[in-house]
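Engineer: I have a structure I would like to understand better, so I am pasting it below and will then ask my questions one at a time.
Quick note: the coordinates plus some simple rules give every number you see, no bench work behind them. What you see is a predicted model, and the numbers here were worked out from it, not measured in a lab. Cβ placement follows ideal geometry from the backbone for every residue including glycine, while neighbour counts extend to all protein chains displayed.
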Amino acid sequence: MAKYFHLTGRALVLIGFIVGLYGCAPAVSPSQAGHGQSLKRDALGHRPGPRGFTTVLIDAGHGGKDTGALGHGHTEKLLAQEAAELLKKKLKGKFKVVMVRKNDRFVDLDDRVAKANRYNSAILVSLHYNSSRSSYVRGPETYYWRVDSYSLARRIQWNMEKVAGGRHSSRGLERRRLRLTRNPKIPCVLVEFGYLSNRREAHAINSASYRDRLVSAVASAIITQQAQGDAGTGRLPRPITKPLSRASDPPGS
Ligand SMILES: [Zn+2]
């Protein structure tokens with residue numbers, strides 16, 4: 001996934017600040033909307049995070065001709081598909097689970113968004129492994145854009161940090177306007193389990209048990225989010241109003 005985005009976190013913060021100064025809707029607090037309201041589809045996501053949702057759309061990143069990242073013998077599209085199948089098993093019986101990509105085939109990002117937009121009372125979780133030109137970069141990351149996706153992303157990242165060995169092994173939570181974090185009308189997050197380009201992390205990813213624990217971290221965050229909504233995840237971020245993300249956008253815009 002990393003190859004699409006080259007803007008630094010600092011530049012993104014600056015953009016967010018500028019947009020926040022000019023033309024943002026007022027900040028949303030968890031008490032401002034009931035849970036029923038938070039479950040309806042919404043184009044901007046300027047609302048509290050979901051609680052009581054019934055459906056989880058699982059998106060295995062890449063597929064078919066799009067291999068995703070390659071590194072130290074790993075292929076992202078295959079790891080993402082494995083993670084999606086594992087997550088489906090872990091959520092079975094608790095949610096209606098919809099697989100966005102069922103097998104190793106190419107699905108355009110806009111078609112993934114269109115599929116997500118067919119569901120109400122649902123969230124979308126897109127699963128990826130990462131790559132960097134720097135072999136030193138490592139650790140799980142979670143991306144979100146919408147206000148209503150923050151607490152789920154926060155929980156996923158907290159849980160993955162524990163699996164990966166603590167805060168210093170983690171890249172943290174990132175607010176990024178991507179096609180799968182900005183465009184769906186339901187809460188949506190994009191998970192990067194780790195860097196295939198980092199030798200140490202790629203070695204950890206060799207272990208099926210390690211990969212399974214990362215997926216369990218995501219499953220348990222989803223279950224907690226469904227039960228508790230935003231409770232315990234701190235202040236919600238400021239709403240930022242920006243257009244849909246397009247394939248033709250410059251990287252990181
Ligand atoms: Zn990816």
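Engineer: In terms of the Cα gyration tensor, with a ≥ b ≥ c the square roots of its eigenvalues, is segment 142-253 rounded because a/c is under 1.5, prolate because a/b exceeds b/c, or oblate?
Structural biologist: oblate
Engineer: So for segment 43-165: antiparallel DSSP bridges make up what percent, rounded to the nearest 5?
Structural biologist: Percent antiparallel among DSSP bridges in segment 43-165 is about 20.
Engineer: Moving on to the next point. Among all the lysines, which ones have a C-alpha under 17 Å from Lys242's C-alpha, if same-chain residues fewer than 8 places away are not counted?
Structural biologist: Straight-line reach from Lys242, under 17 Å: Lys185.
Engineer: Something else now. If the viscosity is 0.890 mPa s and the temperature 25 °C, what translational diffusion coefficient in µm²/s does Stokes-Einstein give for segment 79-181 when Rh comes from Kirkwood over Cα pairs?
Structural biologist: It diffuses with D of about 161 µm²/s by this estimate.
Engineer: Please give the FRET efficiency for Ser248 paired with Glu82, using the beta carbon to beta carbon distance and R0 = 45 Å, rounded to the nearest 0.05.
Structural biologist: Approximately 0.90, to the nearest 0.05.
Engineer: Right, something else. Regarding segment 53-228, what whole-number volume in Å³ per residue does the convex hull of its Cα atoms give?
Structural biologist: Value for segment 53-228: 102 Å³ per residue.
Engineer: Related question: What area, in nm² and to one decimal, does the C-alpha convex hull of segment 116-176 cast on average over all directions?
Structural biologist: Seen from a random direction, the Cα hull of segment 116-176 projects 5.0 nm² on average.
Engineer: For Ala227 and Ala43, what does the FRET efficiency come to when R0 = 41 Å and r is the distance between their Cβ atoms, rounded to the nearest 0.05?
Structural biologist: With R0 = 41 Å, the Cβ-Cβ based efficiency is 0.95.
Engineer: Right, here's the next one. Considering amide H positions built from the backbone, and no H for Pro or chain starts, which residues 5 or more places from Gly194, or on another chain, come under 5 Å of its amide H?
Structural biologist: Placed amide hydrogens put Asn130, Glu141 under 5 Å from Gly194.
Engineer: Quote to one decimal, in nm, the extra length available between Asp111 and Lys92 on full extension: 0.36 nm per residue of separation minus the C-alpha distance between them.
Structural biologist: 4.4 nm
Engineer: Within 11 Å, Cβ to Cβ, of Ser245, how many net charges do the neighbouring residues add up to if Lys/Arg are +1 and Asp/Glu are -1?
Structural biologist: Net charge in that neighbourhood comes out at +4.
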